[in-house]
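The structure appears right after this line, and notes come after that.
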Amino acid sequence: MEYTATEYWDEALWSRAEEIYRESFPEHGRKNRAIVRRMFERRICALHVLEESGEAAAMALTAFDDHSNTLIVDYLAVRRSRRGRGVGREMLRRIREWAIGEKPECLGMVIEVEADPSEENEARIRFWERIGFRLTDYVKSYIWVPETYRAMTLGFDEDKPLTNDGRELFKAIVRYHEKAYRSGSKPVR
């Protein structure tokens with residue numbers, strides 16, 4: 001599998017990743033192309049793509065939070081036809097290697113998952129737990145969406161632990177969302 005990560009807008013790479021992005025996230029749950037492009041112009045995110053046989057198999061958008069030294073996984077998706085084959089696990093392994101190489105001060109990764117009990121949400125949480133992420137207790141309510149969220153973390157080094165305080169982790173996530181949507185438009189999350 002070929003892995004590519006970039007912190008610069010790459011139209012061709014985004015077009016390949018966007019197929020998976022659109023397939024995996026409903027319109028109300030994803031950022032539109034203009035917002036994503038603006039995030040690259042502001043240098044606040046990175047695009048990760050894992051390709052197999054010349055086709056994008058997985059994509060992710062991440063952002064590094066300098067205050068908490070945490071890599072926020074904003075979106076991660078695997079092409080529907082490639083799910084259940086270890087592609088998501090491989091993508092996260094590559095992202096972790098990239099983060100350690102590009103951001104040596106990075107303590108680990110955080111992702112937000114929907115907290116409402118449902119079969120789909122519980123399956124997502126189990127996926128993240130199988131990869132090593134830990135669910136935090138704090139439940140975050142945003143004013144602009146009805147769903148509640150919890151943070152999940154994966155620390156990189158036991159000697160330099162990443163906090164498991166959900167409130168603190170959501171401060172990093174909210175800082176990122178505020179930067180991503182800054183321009184007068186309201187966030188969809």
- Query: For the chain, what's the radius of gyration and Dmax over Cα atoms, in angstrom?
  - Reply: 15.5, 43
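Sorting check: for 110-119, 89-98, which peptide has the highest mean count of neighbouring beta carbons within 10 Å, and how do the rest follow?
Taking the mean over residues of other Cβ atoms within 10 Å, the ranking is 89-98, 110-119.
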- Message: Could you give each residue of segment 157-166 its phi-based ³J(HN,Hα) in whole Hz, using Karplus coefficients 6.51, -1.76, 1.60 with θ = phi - 60°, and x for Gly or Pro?
- Response: 9, 4, 6, 10, x, 7, 4, 10, 7, x
- Carbon/sulfur accessible area of segment 119-189, % of total, 1.4 Å probe, equals 45
- Note on the structure: Rounded to whole Å², per residue accessible area for the chain with a 1.4 Å probe reads 53
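Among residues other than Arg83 whose Cβ falls under 15 Å from its Cβ, what is the net charge (Lys/Arg +1, Asp/Glu -1)?
Once all neighbours under 15 Å are counted, the net charge is +2.
All other residues with a Cβ under 12 Å from the Cβ of Cys106 taken together, and with Lys, Arg as +1 and Asp, Glu as -1, what is their net charge?
So the environment of Cys106 carries a net charge of -3.
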- Message: Give me, ordered by chain and number, the residues 5 or more places off Cys45 or on other chains with an amide H under 5 Å from its own placed amide H.
- Response: none
- Relative contact order (%) - the chain, alpha-carbon pairs under 8 angstrom, separation at least six: 19
- With labels modelled as points extended 7 Å from the Cα through the Cβ direction, what inter-label distance (nm, one decimal) is found for Met1 paired with Leu135? 2.5
- Once both label points are put 7 Å beyond Cα along the C-beta direction, the Val174-His28 separation in nm becomes 2.3
- Note on the structure: Applied in sequence order to segment 41-47, the curve 6.51 cos²θ - 1.76 cosθ + 1.60 (Karplus, θ = phi - 60°) yields integer Hz couplings, x standing for Gly and Pro, of 4, 7, 6, 10, 8, 9, 9
- Taking the Cα centre of the chain as origin and charging only Cβ (+1 Lys, Arg; -1 Asp, Glu), how large is the dipole, in debye to the nearest 20? 400
- Message: Student exercise: in the chain, how many lysine pairs 8 or more apart or on different chains have Cα atoms under 25 Å apart?
- Response: 14
- Task: Determine ³J(HN,Hα), in whole Hz, for all residues of segment 74-89 in sequence, where each value follows from phi through the Karplus function 6.51 cos²θ - 1.76 cosθ + 1.60 and θ = phi - 60°; x replaces Gly and Pro.
- Result: 6, 9, 9, 9, 10, 3, 3, 6, 10, 5, x, 10, x, 5, x, 4
- Item | Prolate/oblate/rounded call for segment 48-141, Cα gyration tensor, a/c under 1.5 rounded | oblate
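The values are calculated or read from the model by the stated rules, or taken from the named source; none is laboratory data. The structure displayed is predicted, hence computed values, not measured ones. For neighbour counting, all protein chains shown are included, and Cβ atoms are generated from backbone atoms with ideal geometry for every residue, glycine included. Each accessible area value is taken on the protein alone, full model and side chains, heavy atoms only, with ligands, DNA and RNA left out. Shrake-Rupley method; radii C 1.70, N 1.55, O 1.52, S 1.80 Å.
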